[in-house]
Amino acid sequence: MYLEKLEIQGFKSFAKPAEFIFNRELTTIVGPNGSGKSNIADAVRWVLGEQSIKTLRSKKSEDVIFSGSDKKGKLGFAQVDLYLNNKNGLTDINYEQIIITRRISRKGDSEYLINNNKVRLLDIQMLLAKANFGQKTYSVIGQGMITTILTSST
């Protein structure tokens, strides 16, 4: 199982829907400061069930919803869809593609879905654990952390 695609709408700086296609070779996300690179990493963490608002660099749950700008008003919801290729059948789900969705509204409604079916966070965590894919199997290393690693001495 591997990550194929990420769709983000209304999450942090993503007022308009954005789609990121990942291939199995190498994918990098580059851009100037303030372009949303960290928000992409936060979106992955969030859709996989991150519960710590502090880890998502926010103060409250509603902060992950696009709050508006000079050109666009605030949105009423945030949604992230993570597409996993399951052609190798590592999960109990009989689909070649698994879509994990997390959605939140300004009213406070929040839901998780697997292939458009409502599920609990625990269901997503169990699915990912059985496939060895989830919060404990990836690392996000920021630019400042790379400098620290390269300049540290043992």
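The table that follows gives values for the structure above.
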item: In Hz, Karplus ³J(HN,Hα) per residue of the stretch 13-18 (6.51, -1.76, 1.60; θ = phi - 60°; x = Gly, Pro); result: 8, 9, 5, 8, x, 10
item: All Cα pairs of the stretch 12-94, percent lying beyond 21 Å; result: 40
item: For the chain, the fraction of alpha-carbon pairs in successive 10 Å shells from zero, as %; result: 10, 38, 34, 15, 3, 0
item: Helix-only CD estimate at 222 nm, as mean residue ellipticity for the chain, using -39500 (n - 2.57) per DSSP H run (n ≥ 4); result: -5500 deg cm²/dmol
item: Violating pairs (Cα-Cα greater than 19 angstrom) within the set Lys37/Lys130; Lys16/Lys72; Lys87/Lys130; Lys12/Lys60; Lys12/Lys54; Lys12/Lys37; result: Lys37/Lys130
item: Net charge dipole size for the chain [Lys, Arg +1 and Asp, Glu -1 on Cβ; Debye, nearest 20]; result: 480
item: Difference of contour (0.36 nm per residue) and Cα-Cα distance, Leu121 to Ser35; result: 28.0 nm
item: The stretch 85-119-the stretch 1-61 distance, computed between alpha-carbon centres (Å); result: 16
item: Trypsin sites (Lys or Arg not before Pro) restricted to the stretch 41-74 and DSSP loop, no more than 15 other C-beta within 10 Å; result: Lys54, Arg57, Lys59, Lys60, Lys71, Lys72, Lys74
item: Length added when fully stretched, Gln97-Tyr2, from 0.36 nm per residue minus Cα-Cα; result: 33.2 nm
item: Computed over the chain: relative contact order in percent, which uses C-alpha pairs under 8 Å that are six or more apart; result: 23
item: Per residue accessible area in Å² of the stretch 1-117, where ligands, DNA and RNA are left out and the probe is 1.4 Å; result: 59
item: Under the Karplus curve 6.51 cos²θ - 1.76 cosθ + 1.60, θ = phi - 60°, whole-Hz ³J(HN,Hα) for the stretch 71-87, x wherever Gly or Pro sits; result: 9, 9, x, 5, 9, x, 7, 10, 8, 10, 10, 10, 9, 10, 7, 10, 4
item: Radius 13 Å from Cβ of Ala43, net charge of other residues (Lys, Arg +1; Asp, Glu -1); result: +2
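The values are calculated or read from the model by the stated rules, or taken from the named source; none is laboratory data. Please read these numbers as outputs of a predicted model, since none were measured by experiment. Backbone-built Cβ (ideal geometry, glycine too); neighbour counts: all protein chains shown. Ligands, DNA and RNA are stripped out before the accessible areas are found, and what is left, the full protein with its side chains, is counted by its heavy atoms. Shrake-Rupley method; radii C 1.70, N 1.55, O 1.52, S 1.80 Å.
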